[in-house]
Amino acid sequence: MSNYFFEVLRPGINTTFQDKGRFHMQHLGVTPGGCMDLDSFSIANALVGNPLNEGVLEFAYQGPLLKLIKGRAKIAITGSVIFQIIKSNKEVISGKDNRTYDLDEGDQIDILATQQSAYGYMALEGGFDIKPFCKSVSTLSRAEIGPNEGQKIKINNKINIRVNSKNKKNFSAKVPKKNKTKIRVLKGSQFDYFSKESQKDFLSKEYKISNLTDRMGMRLEGTVMKNIVNTNIRSEGITKGAIQVPADGQPIILLTDYPTIGGYPKIANVTSVDYNFLIQKTPGEKIFFELIQLREAEQLYKEHLNSISEIVKNIKEIN
Amino acid sequence: MFKKLNNIGDCGIVCDFGEEVNRETNSNVIKLFHHVREEVLKGSLNGILNYTPSYNKLIINFDLEKINSSQIIDFLKSVDFSKLNLSQNSKKWTIPVCYDFEMDLENMSKTLKMNKDEIINIHLNTNFFVYMVGFIPGHPFMGDLNSKLFLNRLKTPRVTIPAGSVGIVEKFCNIYPYKSPGGWNIIGRTPAKLFDKKNETSPCLLSPGDSVKFKSISKEEFEKLANE
């Protein structure tokens, strides 16, 4: 272990270590978890030259304030984030996302807020010095699994880093900002449990994202869905992005930390192409659902992955 | 053999074995689960991320970057069910339980018109089968209890139930691996760790398809085992 580290001066609201997720364990009740926005995650790692599945810090809304106590570090912040770097001589540099910065000993990185979005990421050149559990460094705080005893980052925590950065070059990526309200879905396993009118409402009326939204799920408020068959089903395995409707008729979208099995009927599933976009929506925002077919969803996702590869390929050195 | 194959979203497949929930249906689900898991661990099915058996379904989640629904459906259709085996992958467990930690036996005794010992004896003499594990890490759903013990969930779920609590609802028995809210009828508590993150190679005690028998222990034995 190196002796280079950050100290946490302010933890932020929900700051955790995450990677792509922990797989092959859902049959034991362990949800995959991982970064909510896998696109911003990959871009962050690419900027600092890491393997794309290296662990990063994920934060939501207000991020952490970290002080580099020992060492030199190169970081990248992705998402849509307001942050600043406070140099040890008190100079304040206002930060831009999707580019790298060098931190010297004594510098602070102050991640103030995500801007019109929920999640942001900080990647570190060479990676954080954290211990994986079952091949992943994703934190699942409700089961206390992952680095940092499976907990969110707390004040005065020491965050160890692997390498003392020698690289003087900095890089930036061009990431287009998307803003749309339409979320494309596929029919859920129990789509037919809902009345024809409810099916029509679901695919035409607006739904508001409620405050009851976290890494596990997003509760929506809108036209009540009328179940004409049964409001409970036999518990079955869950898939990320499943939209379930409990007896009160208000849909809940199951997100990255979903419970591994569940017994509510599912009206639809969010497509992979729109998932990373959906989770960046904040409470109060409104969304619409559009039904598409499987082949189209697969094609759109392929195109989406290509666009992320293009962003990564076009990372340029800053002169 | 499954009755239907469908996609759930663009990165999931559900193998539906029919509506009936019994050991035979679930054993078939679990046979397929073991087979898929082995193929994935062998490296012959690249891109599959998870395989989650439940009472009557197996859900397969995959990475759409590496594989798609139709490739997985082709694989599933080629499976020869006559060659799948359940027993070689399933373990038998004896789990200690201290009934002194019950929370609901009094009420159950009234509802079922049975004395507490009779309830405990039925529980102790049942050979349980682990239908599935999930919701949270290590949480088993086991059956089948004698229909004499048929009970619904509590009308008002408890805000917290201690870790290790053993509960029953309908024909099922569960164990809460973590301190959590819950609505099952609590008849005792086990000192066994259902999910042990210190044991990284095999953190989860019970797997789908395992068999379980309970063994009654005293409070003193409970404390001793809990502190081990």
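The lone criterion from (1) within 15 Å of A:Glu236 (Cα to Cα); (2) at the interface with chain A (Cβ under 7 Å from one of its Cβ atoms); (3) hydrophobic (A, V, I, L, M, F, W, C) left unmet by B:Val29 is number (2).
Quick grid of which residues meet (1) over 12 Å from A:Pro251 (Cα atoms); (2) of a type outside the set (A, V, I, L, M, F, W, C); (3) in contact with a strand residue (DSSP E or B) (Cβ under 9 Å, 6 or more places away or on another chain):
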| position | (1), (2), (3) |
| --- | --- |
| A:Lys187 | yes, yes, yes |
| A:Asp192 | yes, yes, no |
| A:Tyr207 | no, yes, yes |
| A:Glu221 | no, yes, yes |
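For A:Ser235, the criteria (1) crowded, with 17+ Cβ neighbours inside 10 Å; (2) farther than 18 Å from A:Tyr193 by Cα; (3) over 19 Å from the mean Cα position of the chain (by Cα); (4) not aliphatic (A, V, I, L, M) hold in every case but one, which is (2).
Residues in segment A:258-308 that are among the β-branched types (Val, Ile, Thr) and over 19 Å from A:Lys180 (Cβ atoms) were compared, and the one that is farthest from the other protein chains (Cβ to nearest Cβ) is A:Ile267. On the given criteria, is A:Val163 more than 14 Å from chain B (Cβ to nearest Cβ) and hydrophobic (A, V, I, L, M, F, W, C)? Against the criterion (more than 14 Å from chain B (Cβ to nearest Cβ) and hydrophobic (A, V, I, L, M, F, W, C)), A:Val163 qualifies.
Quick one: in segment B:41-71, of everything that is among the aliphatic types (A, V, I, L, M) and under 18 Å from A:Lys240 (Cα atoms), which residue is surrounded by the fewest Cβ atoms within 10 Å (Cβ to Cβ)? The residue in question is B:Ile67.
Taken together, the residues in segment A:137-160 that are away from chain B (no Cβ under 12 Å) and not hydroxyl-bearing (Ser, Thr, Tyr) amount to 12. Applying the criterion of being part of a loop (DSSP other than H, G, I, E, B) and more than 15 Å from B:Lys57 (Cβ to Cβ) to the residues of segment A:233-243, the residue that is nearest to the other protein chains (Cβ to nearest Cβ) is A:Gly241. Evaluated against (1) assigned to a loop (DSSP other than H, G, I, E, B); (2) within 24 Å of B:Met142 (Cβ to Cβ), B:Asn46 falls short on exactly one condition, (2). Selection of first residues in segment A:244-262 that are under 24 Å from A:Glu206 (Cβ atoms) and of second residues that are hydroxyl-bearing (Ser, Thr, Tyr) and not in a loop (DSSP other than H, G, I, E, B), restricted to Cβ pairs under 6 Å at least 6 apart or on distinct chains, gives an empty result. Considering A:Ile86, A:Ile93, the condition of being surrounded by fewer than 18 Cβ atoms within 10 Å (Cβ to Cβ), farther than 24 Å from A:Lys177 by Cβ and among the β-branched types (Val, Ile, Thr) is satisfied by A:Ile86 alone. Within segment B:183-192, one or more residues are free of Cβ contacts under 8 Å to residues at least 40 places away in the same chain and either out of contact with any Asp or Glu (no Cβ under 9 Å at 6 or more places or on another chain) or under 25 Å from B:Ile119 (Cα atoms) (or both). Going through (1) more than 8 Å from chain A (Cβ to nearest Cβ); (2) under 22 Å from the mean Cα position of the chain (by Cα); (3) under 16 Å from A:Ser272 (Cβ atoms) one by one, B:Asn22 falls short only on (3). Within the group B:Ile72, B:Ile60, B:Ile48, which residue is more than 17 Å from the chain's Cα centre (by Cα) and more than 11 Å from chain A (Cβ to nearest Cβ)? Residue meeting the stated conditions: B:Ile72. Of the residues making up segment B:77-91, those that are among the polar types (S, T, N, Q) and in contact (Cβ under 8 Å) with a residue 24 or more places away in the chain are B:Asn85, B:Asn89, B:Ser90. Taking strands (runs of 3 or more DSSP E) as the structural unit, those lying wholly within segment B:113-228 and holding at least 1 residues that are within 14 Å of chain A (Cβ to nearest Cβ), buried (at least 21 other Cβ atoms within 10 Å of the Cβ) and not charged (D, E, K, R) correspond to B:128-133, B:140-143, B:172-175.
Restricting attention to segment A:1-55, the residues that are more than 13 Å from chain B (Cβ to nearest Cβ) and either free of Cβ contacts under 8 Å to residues at least 60 places away in the same chain or assigned to a strand (DSSP E or B) (or both) total 12. Taking the criterion of being assigned to a loop (DSSP other than H, G, I, E, B) and under 17 Å from A:Gly12 (Cβ atoms), the residues of segment A:77-105 that qualify are A:Gly79, A:Ser80, A:Gly95, A:Asp97.
Scanning segment A:207-225 for residues that are under 16 Å from A:Asp37 (Cβ atoms) and acidic (Asp, Glu) yields a single hit, A:Asp214.
Against the criterion of being of a type in the set (A, V, I, L, M, F, W, C), touching a Phe, Trp or Tyr at 6+ places or on another chain (Cβ under 8 Å) and closer than 30 Å to A:Gly79 by Cβ, A:Phe277 does not qualify. Of all residues in segment A:221-232, count the ones that are away from chain B (no Cβ under 14 Å) and surrounded by fewer than 22 Cβ atoms within 10 Å (Cβ to Cβ). Here the count works out to 8. The residues of segment B:184-228 that are polar (S, T, N, Q) and within 21 Å of B:Ile122 (Cβ to Cβ), listed by number, are B:Asn185, B:Thr190, B:Ser211, B:Ser216, B:Ser218. When the residues of segment B:76-88 are filtered to those that are assigned to a helix (DSSP H, G or I) and farther than 27 Å from A:Lys135 by Cα, the one that is nearest to the other protein chains (Cβ to nearest Cβ) is B:Leu76.
Throughout, read-outs are computed from the coordinates displayed, never taken from laboratory work. Being a predicted model, the structure only gives us computed values, none of them experimental. Cβ atoms come from the backbone with ideal geometry, glycine included; neighbour counts cover every protein chain shown.
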